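Take a look at the structure set out below.
The values are calculated or read from the model by the stated rules, or taken from the named source; none is laboratory data. Keep in mind it's a predicted model, so treat the numbers as computed, not measured. All Cβ positions, glycine included, derive from the backbone under ideal geometry; neighbour counts span all protein chains shown.
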Amino acid sequence: MSLIMRQYKRKFRESIKNLILFGYEKIYKPYKICRLRQKKSIRVVFVLSSFSCWKSELLYRAMLNHSRFEPILLTIPSNQEDNRLAFHKYCEEKGYPLIEIGPGKTICEELHPDIILYSKPYDSDIELRKFIMHNLRSLFCYINYGFHGVDEKWSRNTRLLLSCWQIYYENINAWRGSARIMDNHCRNGFITGLPVMDEFLNAKEKCEDPWKEHKNPKKRIIWAPHHSITDNEWLHYSSFERYYSFMLELAEKYQDKVQWAFKPHPLLRAKLEGKWGKQKTDEYYGRWETLSNAQYVDGKYLGLFMHSDAMIHDCGSFTVEYHYTGNPVMYLMSDNDLTHGFNQFQQQAFDLHYKGWCKEEIENFVNDVIEGIDPMKQKRTDFISKFLTPPDGKTASENIIDCILDKSTERKFQGFIIHLNAGEF
């Protein structure tokens, strides 16, 4: 088949998809919304693709306890067997029923949901039969797996986000960033808060303490390196290769004063195995597990954060999340422009980090944590109050449920209630 013919067929298929989505948007979606709000029981499928990125558990629990919702947890096939096993183990411990659908099956065929709730906007890590084009009998809602921090057109103008009935935002600044660049000006965006905010705002005492050392009064510091170590990354946050040996040296040097947690991005291990090989990677991770004053942490990290004293990282999502602890935090800088694409909300969170450009500055930060020196503490406290609390005096989960059930409440939470139009951004 000639190149021209392949291009023609690809364009033809895209045209057909766009025509189908136009009909879905203009005809089927309004009908489905009207029918949904009349139903006594609304079936919501939570699509789970990454254990560490599942941030909507409190919404799931709120729906379990609500008379009009039937929430379902669906884990999708993954190349990461550890990820699948982690989901099963966690849900078994919590008593949550967990469903799997094999390859080739669609969500609508198997579960007949009213709403499919996604937490990632792309189809790169999900089988296409589990994505929107094969499940157009449902409405789609979206809860970002982290805070909305980086505004790039390619990540906002996805087929899923433009087709969603509702997208939930943490605050007006985060919504405004999307509204500036989305083709639909984020008219389907609603400022309800995110369920992850409910988790972080829970009292520290409600979180299990996962640190392995509880007796000795050492300072607890997390090191959380990003995964972007390969040359073909669209993001180049990672400083891991610059500091991986040095961070172990620090752990050994301050073993009497600091308890360390190595909390790498879930994708880092596979990428290291590609560059280093499995043996060297296992040895490095194993070193963090065997040090008397250190540990390797994978999966859920709320308790790790809330029972810590400080963090050192270069991960985009943690830039906001860690501020809930009120603790000092350092961002490891690189030569790349890390703030490219940051919205106003993310930039403000980033500005409240101490910056580490070299080994000396990292070690100075560690000593400041040990000594209790933290000149930006009050600024971080003010940031939590202004930007990290759900609106309307309710939890984010309560706001999202209200937004789904009630048309008047939906309008209240909609971004456009702020009376901003496209020309005023």
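Counting residues that are among the aliphatic types (A, V, I, L, M), which helices (runs of 4 or more DSSP H) fully inside the stretch 125-203 reach at least 3?
Of the helices (runs of 4 or more DSSP H) lying wholly inside the stretch 125-203, those with at least 3 residues that are among the aliphatic types (A, V, I, L, M) span 159-163, 172-181, 195-201.
Would you check if Asn188 is among the polar types (S, T, N, Q), surrounded by fewer than 24 Cβ atoms within 10 Å (Cβ to Cβ), touching a helix residue (DSSP H, G or I) at 6+ places or on another chain (Cβ under 7 Å) and in the same structural domain as Cys53 (by TED's automatic domain parsing)?
no
Within the stretch 355-382, residues that are more than 18 Å from Leu332 (Cα to Cα) sit with their Cβ atoms under 6 Å from residues that are in a helix (DSSP H, G or I), at 6+ positions apart or across chains, in these pairs: Arg380/His323. The residues of the stretch 227-253 that are touching a helix residue (DSSP H, G or I) at 6+ places or on another chain (Cβ under 7 Å), modelled with pLDDT under 90 and either under 22 Å from Thr290 (Cα atoms) or surrounded by fewer than 17 Cβ atoms within 10 Å (Cβ to Cβ) (or both) amount to a single one, Thr230. Per the conditions (1) part of a helix (DSSP H, G or I); (2) in the same structural domain as Glu398 (by TED's automatic domain parsing); (3) among the polar types (S, T, N, Q), the sole criterion not satisfied by Gln38 is (1). Every condition in (1) of a type in the set (A, V, I, L, M, F, W, C); (2) modelled with pLDDT of 90 or more; (3) in the same structural domain as Asn188 (by TED's automatic domain parsing); (4) assigned to a helix (DSSP H, G or I) holds for Ile72 except the one numbered (4). Of all the residues that make up the stretch 108-119, how many are at pLDDT below 95, buried (at least 18 other Cβ atoms within 10 Å of the Cβ) and of a type outside the set (Ser, Thr, Tyr)? Here the count works out to 0.
When Tyr24 is tested against (1) surrounded by fewer than 17 Cβ atoms within 10 Å (Cβ to Cβ); (2) outside any loop (DSSP other than H, G, I, E, B), just one condition goes unmet, and that condition is (1). In the same structural domain as Glu152 (by TED's automatic domain parsing), more than 18 Å from Asn144 (Cβ to Cβ) and either surrounded by fewer than 17 Cβ atoms within 10 Å (Cβ to Cβ) or touching a residue at least 12 places away in the same chain (Cβ under 8 Å) (or both): is that true of Glu93 in this structure? For Glu93, the condition - in the same structural domain as Glu152 (by TED's automatic domain parsing), more than 18 Å from Asn144 (Cβ to Cβ) and either surrounded by fewer than 17 Cβ atoms within 10 Å (Cβ to Cβ) or touching a residue at least 12 places away in the same chain (Cβ under 8 Å) (or both) - is met.
The set of residues in the stretch 255-290 being assigned to a loop (DSSP other than H, G, I, E, B), touching a Lys or Arg at 6+ places or on another chain (Cβ under 9 Å) and free of Cβ contacts under 8 Å to residues at least 40 places away in the same chain consists of Gln255, Asp256.
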